[in-house]
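Q: Can you read through this structure? Questions will come right after.
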Amino acid sequence: MASSIPVVQSGRIRVVKQGSGPLVGPVVYWMFRDQRIRDNWALIHAVDQANKANVPVAIAFNLFDQFLGAKARQLGFMLRGLEKLHRDLENTLQIPFFLFQGQAVDTIPDFLKECGASLLVTDFSPLRDVRSWKEKICERVGESVTVHEVDAHNIIPLWVASDKLEYSARTLRGKINKLLPDYLIELPAIGPPKIKWSSSNPPIDWPKIIADVVRKGAEVPEIEWCEPGEDAALEVLMGSKKGFLTTRLKNYSTDRNNPLKPQALSGLSPYLHFGQISAQRCALEAHKVRKHYTQLWNASQLEMVHHGKMHGFMRMYWAKKILEWTSGPEEALAITIYLNDKYHIDGRDPSGYVGCMWSICGVHDQGWRERPVFGKIRYMNYAGCKRKFNVDGYISYVKRLVGESKKRKAEVFFDKKAKELRS
């Protein structure tokens, strides 16, 4: 429910104008850079503030004709995404959406005055023009109006990541890595606000607006291969058929620099640019994929240590991950043979050595398409395992084995101590 939404991290919000009065009027979220409902810290903050003050909330969007030279290609994509957003807002959150055309420095202050708003929440943008508009808007709104700026576009807010102009990625990377545990977190779901907007908002003739924009910007026509909107963005990221993380990531390491294989790339830049998907969501889902294949390898290692025998298919995946994570095949082979001989009940066997050589050196296997790290050695990944068997079921099975093994060891230990005490 909306009332359970936590306060957005303080570092993600900047007060760019402190109003003189209390929050007694509506909250208006001026959306422009982050055009989505899901995973939107600015919208979460606007609803949270409105709920705390028991006031309604609305979204305002100002359409510029050809902002920074945008034509039909860019504006058509944006507006078609906004049309879907408007529909989803009405169906799920019941938050009104107001679309204005003209100069934001005029339309936004006028709307705030008209609805008696007390708080304006805005997206963050580093562009000089946008910063100038915000300064003018702050000058034109009433003294009682407060203005908050929320960085919902970056995983770590720009002003938190660094307080100076960084001259290279190297100097910034360390700062970002230190802050990720605090900011790369799951975002809360958002529900309808407690107080509904009382006045009606005028209907938006999306087909006419889109047709006018497309006609004016026909010099650079729309494209058909990229479908706009939040749902389309999530499908590109993690859809079951052509999602980047679910099906195409396996080709990224080898084909990302090949212009003839664009499908090896994520294809997310249009959605990230218009804020139709959150960079934070992309990072969280990518982290889950990495976590999954690590958990799978950990399970195979635990099966070997506690059960003394690993499933044959998992032996291959286990060994190939060691190849991927070490400095070269010599080190990988030494580690796999050492662990194989130490823990497997069927270790120190010619078949076991051949299995290690097959996985790491390609002995008795054919050559495959060359890729970094693996060369022409057969590649195995988490996605392939998912297609062959129930990965979660296997991990649960190993957890049970480990639990039973530890229980038996504890019983043996206490039996031994009891015998020592009796003697």
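The values are calculated or read from the model by the stated rules, or taken from the named source; none is laboratory data. Predicted, not measured: the structure shown is a model, and the values here were computed from it. Here the Cβ is made from the backbone with ideal geometry for all residues, glycine too, and neighbour counts use every protein chain on show.
Q: Does Ile155 qualify as being part of a helix (DSSP H, G or I), crowded, with 16+ Cβ neighbours inside 10 Å, assigned by TED's automatic domain parsing to the domain that holds Ser10 and out of contact with any strand residue (DSSP E or B) (no Cβ under 7 Å at 6 or more places or on another chain)?
A: no
Q: Which pairs have Cβ atoms under 6 Å, sit 6 or more apart or on different chains, and link a residue in region 401-423 that is β-branched (Val, Ile, Thr) to one that is surrounded by 10 or more Cβ atoms within 10 Å (Cβ to Cβ)?
A: That search, which allows pairs on different chains as well, returns Val402/Leu302; Val402/His306.
Q: Would you check if Asn54 is surrounded by fewer than 17 Cβ atoms within 10 Å (Cβ to Cβ) and on the phi > 0 side of the Ramachandran plot?
A: Taking the combined requirement at face value, the residue satisfies it.
Q: Looking at (1) assigned by TED's automatic domain parsing to the domain that holds Gly102; (2) among the β-branched types (Val, Ile, Thr); (3) more than 14 Å from Leu82 (Cβ to Cβ), which one does Ile209 not meet, given that it meets all the others?
A: If we test Ile209 against (1) assigned by TED's automatic domain parsing to the domain that holds Gly102; (2) among the β-branched types (Val, Ile, Thr); (3) more than 14 Å from Leu82 (Cβ to Cβ), just (3) comes out false.
Q: Look through region 151-171, keep the residues that are among the aliphatic types (A, V, I, L, M) and more than 19 Å from Gln280 (Cβ to Cβ), and return whichever of them is nearest to the chain's Cα centre (by Cα). Break it down stepwise before answering.
A: Step one: list which residues in region 151-171 are among the aliphatic types (A, V, I, L, M), which gives 152, 155-156, 158, 160-161, 165, 169.
Then drop every residue that is not more than 19 Å from Gln280 (Cβ to Cβ), which leaves 165, 169.
On the way: Leu165: 26, Ala169: 21 Å.
Per the stated criteria, the residue is Ala169.
Q: In addition: Residue pairs, Cβ under 6 Å, 6 or more apart or interchain, first in region 67-93 and on the phi < 0 side of the Ramachandran plot, second among the charged types (D, E, K, R) and surrounded by fewer than 18 Cβ atoms within 10 Å (Cβ to Cβ). List them.
A: Once the first residue is on the phi < 0 side of the Ramachandran plot and sits in region 67-93, its partners that are among the charged types (D, E, K, R) and surrounded by fewer than 18 Cβ atoms within 10 Å (Cβ to Cβ) give Lys71/Glu219.
Q: Of the residues Met304, Met357, only one is over 31 Å from the mean Cα position of the chain (by Cα) and touching a residue at least 40 places away in the same chain (Cβ under 8 Å); which?
A: Details: Met357 fails: touching a residue at least 40 places away in the same chain (Cβ under 8 Å).
Of Met304, Met357, the one residue that is over 31 Å from the mean Cα position of the chain (by Cα) and touching a residue at least 40 places away in the same chain (Cβ under 8 Å) is Met304.
Q: Among the numbered criteria (1) surrounded by 19 or more Cβ atoms within 10 Å (Cβ to Cβ); (2) within 37 Å of the chain's Cα centre (by Cα), which one does Glu370 miss?
A: For Glu370, the failing item is (1).
Q: Kindly indicate which of Gly217, Gly191 is at pLDDT below 95 and either among the acidic types (Asp, Glu) or touching a Gly at 6+ places or on another chain (Cβ under 9 Å) (or both).
A: Going through Gly217, Gly191 in turn, the sole match is Gly217.
Q: Taking helices (runs of 4 or more DSSP H) that fall entirely within region 346-423, which contain at least 2 residues that are at pLDDT below 85 and outside the structural domain of Met314 (by TED's automatic domain parsing)? Steps first, please.
A: Details: elements: 350-361, 382-388, 391-422.
Counting at least 2 such residues, we get 391-422.
Q: Here is a follow-up. Might you let me know whether region 227-235 holds any residue that is loosely packed, with under 12 Cβ neighbours inside 10 Å and out of contact with any His (no Cβ under 6 Å at 6 or more places or on another chain)?
A: No, that holds for no residue.
Q: With respect to Gln301, is the statement that it is modelled with pLDDT under 90, crowded, with 17+ Cβ neighbours inside 10 Å and polar (S, T, N, Q) true?
A: Here the answer is yes, as Gln301 does meet what is asked.
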